[in-house]
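Contents: one structure, followed by commentary.
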């Protein structure tokens, strides 16, 4: 009985740690883009997936959405929805990166502002974040959340 | 949590995030203009007619990678404009390309009008710094075309990539006094 409770507690702590990590990553990713949104839009365009007319609106909206997701995950509010959106956005990023790399496009990732070049390592990193976000979306906020009973 | 509650939370996050994104963009020291199309930049090291090799003005000209241009050529989704001289064009050019050497708009009017049926126009030459293609890009932009790109690569690169090609004069162009 005590062992089961211990495992349960450990699981809840792990979930809380996961959402803090993912939330922190999303907040950091959003923050690094805000200084030069025009440059981020060029990085989005370089993926050659979106039509040119839609690149600017997409680039303008994304950091805001990342920021809201990150904040909610860190605070443990609406955790499952925020984590589901985090997972969905990571799936989008993984798809875009894979398509770009498969097409031989030499581009900057655009993940955290700056000029980090997209590689298959970037894809693996985003896949890992996708799995972690899915775990939180399924498992919930864990301990230390703003709303313990929230699902 | 029921599905309706989850859906409403998802929508609320997307809506508030979008609004926040627009606000943050407006406050950014380098905001992106929402109504202006953003085209891919040149890829470092791809092709010889690239932004790095070209004039300062070429840095602001959207480009199309050779690989993407090969697809566009096969699918007839873009018009190709050859900015080289008449003799070079007659010796060989991208299949279906319009010959548009540097000149004034009135002189090249018929060739320019043929391009208006295409959403995207790709201009190329055989120069490392796009010296012939860039003025033609400027001419077309000045004539009101909105999606004009430089090919990332030259005619030689196109041949090396075994892109569709043909020889002969540009019968459809009627560019008046053509020149080398």
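The values are calculated or read from the model by the stated rules, or taken from the named source; none is laboratory data. Predicted model only: the values in this text are computed from it and were never measured. Cβ atoms come from the backbone with ideal geometry, glycine included; neighbour counts cover every protein chain shown.
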Based on this model, can you work out whether residue A:115 counts as at negative phi, within 11 Å of chain B (Cβ to nearest Cβ), without any contact (Cβ under 8 Å) to a residue 24 or more places away in the chain and not in a helix (DSSP H, G or I)? yes
When only residues in the stretch B:16-30 that are surrounded by fewer than 19 Cβ atoms within 10 Å (Cβ to Cβ) and under 13 Å from residue A:39 (Cα atoms) count, which is farthest from the other protein chains (Cβ to nearest Cβ)? B:29
Looking at the stretch B:24-51, I want the residues that are outside any loop (DSSP other than H, G, I, E, B) and have a partner that is buried (at least 18 other Cβ atoms within 10 Å of the Cβ) and at pLDDT below 75 with Cβ atoms under 9 Å, at least 6 apart or on another chain. Which pairs are those? none
Residue match in the stretch B:60-74 (condition: modelled with pLDDT under 75, buried (at least 20 other Cβ atoms within 10 Å of the Cβ), in contact with a helix residue (DSSP H, G or I) (Cβ under 8 Å, 6 or more places away or on another chain) and away from chain A (no Cβ under 12 Å)): yes
Of the candidates A:129, A:97, A:62, A:134, the one satisfying the condition of being surrounded by fewer than 19 Cβ atoms within 10 Å (Cβ to Cβ), in contact (Cβ under 8 Å) with a residue 24 or more places away in the chain, assigned to a helix (DSSP H, G or I) and touching a helix residue (DSSP H, G or I) at 6+ places or on another chain (Cβ under 8 Å) is A:134
Out of A:34, A:18, report the one residue that is touching a helix residue (DSSP H, G or I) at 6+ places or on another chain (Cβ under 8 Å) and more than 14 Å from chain B (Cβ to nearest Cβ). A:18
The lone exception for residue A:67 - which of (1) within 27 Å of residue A:23 (Cβ to Cβ); (2) over 14 Å from the mean Cα position of the chain (by Cα); (3) surrounded by fewer than 23 Cβ atoms within 10 Å (Cβ to Cβ) it fails: (2)
Some residue of the stretch A:8-31 being in a helix (DSSP H, G or I) and in contact with a strand residue (DSSP E or B) (Cβ under 7 Å, 6 or more places away or on another chain): yes
Might you let me know whether the stretch B:96-108 holds any residue that is under 23 Å from residue B:38 (Cβ atoms) and touching a residue at least 12 places away in the same chain (Cβ under 8 Å)? no
Matching residues, the stretch A:48-81, being within 30 Å of residue B:68 (Cα to Cα) and within 7 Å of another protein chain (Cβ to nearest Cβ): A:48, A:52, A:53, A:55, A:56, A:57, A:59, A:60, A:61, A:62, A:63
Exactly one of B:41, B:83, B:95, B:55 is at pLDDT below 85 and more than 7 Å from chain A (Cβ to nearest Cβ), and that one is B:55
Quick check on this structure: which one of A:56, A:17 is surrounded by 18 or more Cβ atoms within 10 Å (Cβ to Cβ) and at pLDDT 90 or above? A:56
